[in-house]
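Notes follow once the structure below has been shown.
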Amino acid sequence: MEVAPVIEFTANKFLVTSGPVDNPVIEREAETAQQVDLPWQVVVHNDPVNLMTYVTMVFQKVFGFTREKAEKHMMEVHQLGRSIVWSGLRERAELYVQQLHGYLLLATIERTG
Amino acid sequence: MEICSSAEHLELRDLDPFLAELLRQIPESTKPEGVEAAERRLYSAPADSSEKEICAEWKLYVEPELRRLFQTAMETVNDDLAQLNGKAKPFANCTLRVPKAHGEAWLNTLNQARLVIATKFNFTDGELCDHYRSPIGSRRDLSLFQVNFYGFLQECILHEIEGTT
């Protein structure tokens, strides 16, 4: 008996299964656009050459941070060696990293988790 | 040297020949000149090397744009520095007028120069914080002085930019 595959959508992934035992069970996870896009973060790394005031100015310009927030992230970079300054979709994260590199900051994108 | 600000310009007045020469060297100092570490610092990786696709796309599409951006900024600074050339009295003090509209280009170019010099000489954190070392001792000491002088100029420009926004 031919049974149409059942497609379930559960938390960001498709499960494609066949029904009864006559047919082999095919279970497959397909990456959705969301899975590919969601978990990225922009990380700024410490650099002994860039001035603290300059880094603060760049954060304000690129992310629109208030001075206080920009200074907080700058100090995090300075003291801890890195700071996560933004997280979200990959395309946007890449754009932010490009802007930060335009200001010659050491910045990378990373997958969260 | 005296730094004054008008509505349109930042003026570096009473520049002695030594500081004027350091300013003239800014464009040349942005060039990595085959020092791979300096090249890598200017065009650093956008992600961990395991993210092969991101790094490859970056090299292909983004890096050329960054090169253009840095080159344009450097050319703007170079044009401003032309004021220091062809002085009738070569050892006389002089003035450099930097249009405030060129502030971002100056910040960028000074940063390129500082990063390239610091990478070439592999300065330690301690050396970079040593603002009192004489530039006379060696080429290394002179380069450290250059990095700190350019940093001082960046601070002045930042102060002006923040004052006008």
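The values are calculated or read from the model by the stated rules, or taken from the named source; none is laboratory data. All figures in this text were calculated on a predicted structure; none of them were measured in a lab. Using ideal geometry, Cβ is built from the backbone for each residue, glycine included, and neighbour counts are taken over all protein chains shown.
What about B:Pro135, is it closer than 25 Å to A:Val97 by Cα and either part of a helix (DSSP H, G or I) or touching a helix residue (DSSP H, G or I) at 6+ places or on another chain (Cβ under 6 Å) (or both)? So B:Pro135 does not fit the description; no. For the range B:6-27, state whether one or more residues are basic (Lys, Arg) and farther than 16 Å from B:Asp80 by Cβ. Within the range B:6-27 (the criterion being basic (Lys, Arg) and farther than 16 Å from B:Asp80 by Cβ), the answer is no, since none of the residues qualifies.
Given the options B:Arg41, B:Arg68, name the one that is surrounded by fewer than 12 Cβ atoms within 10 Å (Cβ to Cβ) and either at the interface with another protein chain (Cβ under 9 Å from one of its Cβ atoms) or assigned to a helix (DSSP H, G or I) (or both). Show your work before the answer.
On the way: B:Arg41 fails: surrounded by fewer than 12 Cβ atoms within 10 Å (Cβ to Cβ).
From the options B:Arg41, B:Arg68, the qualifying one is B:Arg68.
Scanning the range B:71-96 for residues that are within 22 Å of B:Gln112 (Cβ to Cβ) and not in a helix (DSSP H, G or I) returns B:Asn85, B:Leu96. One residue stands out in the range A:79-113 among those that are part of a strand (DSSP E or B) and aliphatic (A, V, I, L, M): the one that is farthest from the chain's Cα centre (by Cα), namely A:Ala107.
Go through the range B:28-38 and count every residue that is part of a helix (DSSP H, G or I) and either free of Cβ contacts under 8 Å to residues at least 60 places away in the same chain or loosely packed, with under 14 Cβ neighbours inside 10 Å (or both).
Taking the range B:28-38 as the starting set, the residues that turn out to be part of a helix (DSSP H, G or I) are B:28-29, B:36-38.
Adding the requirement that they be either free of Cβ contacts under 8 Å to residues at least 60 places away in the same chain or loosely packed, with under 14 Cβ neighbours inside 10 Å (or both) leaves B:28, B:36-37.
Of the residues in the range B:28-38, 3 are part of a helix (DSSP H, G or I) and either free of Cβ contacts under 8 Å to residues at least 60 places away in the same chain or loosely packed, with under 14 Cβ neighbours inside 10 Å (or both).
If I filter the range B:6-18 for residues that are within 14 Å of chain A (Cβ to nearest Cβ) and either modelled with pLDDT under 95 or not in a helix (DSSP H, G or I) (or both), do I get at least one hit? No - not one qualifying residue is present in the range B:6-18. Say whether the condition of being touching a Phe, Trp or Tyr at 6+ places or on another chain (Cβ under 8 Å) and over 14 Å from A:His45 (Cα atoms) is met by at least one residue in the range A:75-88. Looking through the range A:75-88, at least one residue is touching a Phe, Trp or Tyr at 6+ places or on another chain (Cβ under 8 Å) and over 14 Å from A:His45 (Cα atoms).
For the range B:118-165, a residue qualifies if it is at pLDDT 90 or above and at the interface with chain A (Cβ under 9 Å from one of its Cβ atoms), and the qualifying residues are B:Ala118, B:Thr119, B:Phe123, B:Val147, B:Gly151, B:Gln154, B:Glu155, B:Leu158, B:His159. Any residue that is touching an Asp or Glu at 6+ places or on another chain (Cβ under 8 Å) and either modelled with pLDDT under 95 or within 11 Å of another protein chain (Cβ to nearest Cβ) (or both) - is there at least one of those in the range A:59-67? Within the range A:59-67, not a single residue is touching an Asp or Glu at 6+ places or on another chain (Cβ under 8 Å) and either modelled with pLDDT under 95 or within 11 Å of another protein chain (Cβ to nearest Cβ) (or both).
Scanning the range B:44-65 for residues that are in a helix (DSSP H, G or I) and either closer than 25 Å to A:Asn46 by Cβ or within 10 Å of chain A (Cβ to nearest Cβ) (or both) gives B:Ile54, B:Cys55, B:Glu57, B:Trp58, B:Lys59, B:Tyr61, B:Val62, B:Glu63, B:Glu65.
In the range B:133-141, the condition of being buried (at least 16 other Cβ atoms within 10 Å of the Cβ), within 20 Å of B:Asp16 (Cβ to Cβ) and out of contact with any Pro (no Cβ under 9 Å at 6 or more places or on another chain) is met by at least one residue. Taken as a whole, the structure leaves B:Leu81 outside the set of residues that are surrounded by fewer than 19 Cβ atoms within 10 Å (Cβ to Cβ) and either without any contact (Cβ under 8 Å) to a residue 24 or more places away in the chain or within 11 Å of chain A (Cβ to nearest Cβ) (or both).
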